[in-house]
Amino acid sequence: MGDFKLRPVFLFSLIILVILFDMPALAHKVSIFAWVEGDTVYTQSKFSKGKRVKNSSVIVFDSDGNKLLEGKTDDKGEFSFKIPKKNRS
């Protein structure tokens, strides 16, 4: 088994949760846009009216629900990470 390959549909299911620390839960709709360039996944998070989601948690899970990594959006609402290697069992 080689590198962990991501397809667009799988990519969007990978990024499941954004927790907003500066806003009450469910107060605003958040959209996460994600794309792959080389070995990196880039994300950009925005509220429904276009304002960037700053300093918010992004938690990435695999298709089995295992947590792969966690990070925070920057002041531009962006977060990126290297595509994780698939664990060999």
Next item on the list: For region 46-60, indicate whether the set of residues that are surrounded by 13 or more Cβ atoms within 10 Å (Cβ to Cβ) and touching a helix residue (DSSP H, G or I) at 6+ places or on another chain (Cβ under 6 Å) is non-empty.
Entry: yes
Note to self: I need a count of the residues in region 69-86 that are touching a residue at least 24 places away in the same chain (Cβ under 8 Å), open to solvent by less than 80 Å² (accessible area, probe 1.4 Å), charged (D, E, K, R) and not in a strand (DSSP E or B).
What the structure shows: 0
Next item on the list: Take region 34-68 and flag every residue that is of a type outside the set (Lys, Arg), free of Cβ contacts under 8 Å to residues at least 40 places away in the same chain and part of a strand (DSSP E or B).
Entry: ALA34, TRP35, GLU37, TYR42, THR43, GLN44, SER45, PHE47
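The values are calculated or read from the model by the stated rules, or taken from the named source; none is laboratory data. Because the structure is predicted, anything quoted here is derived from the model rather than measured. Using ideal geometry, Cβ is built from the backbone for each residue, glycine included, and neighbour counts are taken over all protein chains shown. The protein model used for the area step is the full one, side chains on, heavy atoms only, and it has no ligands, DNA or RNA in it. Shrake-Rupley method; radii C 1.70, N 1.55, O 1.52, S 1.80 Å.
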